[in-house]
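Data first, discussion second: the structure below is written as structure tokens.
The values are calculated or read from the model by the stated rules, or taken from the named source; none is laboratory data. Here the structure is a predicted model, which means the values were calculated and not measured. Positions of Cβ are backbone-derived with ideal geometry, glycine not excepted, and every protein chain shown enters the neighbour counts. SASA here: full protein model, heavy atoms, side chains in, ligands and nucleic acids out. Shrake-Rupley method; radii C 1.70, N 1.55, O 1.52, S 1.80 Å.
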Amino acid sequence: MRAYPELAGLNDLRSAGWSFRAFADDEGEIGGLVGWRDAATCVDVLWIFDQDDCRAARFLPAATAAPGEMVWNRTGDLATCVAAVLGLLGA
């Protein structure tokens, strides 16, 4: 964590019930990491392509009137996106 302090936020997300999985790029190599958290009122997702290229979004769950609708999003570096998501969670 000393070499990459921005990764500390991922531990905070895991503690808040997030799951993470690596995903492959078009060549079959690891293209990044995706994290998600399903809640009764929303689904939060974080895509990490690089420490400087991340996207976070909140969607309405399937049980709502507008399933899959994106109601919030952020783009930027990892630290910015993680901080924004933690803000949504009230952390």
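Observations, loosely collected:
- The stretch 68-91 versus the stretch 28-46: alpha-carbon centroid distance in Å: 12 Å
- Helix content alone sets the calculated 222 nm mean residue ellipticity of the chain: runs of n ≥ 4 DSSP H residues at -39500 (n - 2.57) each, divided across all residues, give -6500 deg cm²/dmol.
- Cysteines without a disulfide-compatible partner [the chain; Cβ-Cβ under 4.7 Å]: Cys42
- Contact order relative to length of the chain, as percent, for alpha carbon pairs under 8 angstrom and 6 or more apart: 20 percent
- Taken about its Cα centre, the chain carries a charge dipole of roughly 500 debye when the Cβ of each Lys and Arg holds +1 and the Cβ of each Asp and Glu holds -1.
- Cα coordinate range in the chain, projected on the principal axes (Å, largest first): 43, 34, 20
- By accessible area with a 1.4 Å probe, ligands and nucleic acids excluded, highest first: order of Ile48, Ile30: Ile30, Ile48
- Charge sum, other residues only, whose C-beta stays under 14 Å from Arg55's C-beta, Lys/Arg counted +1 and Asp/Glu -1: -3
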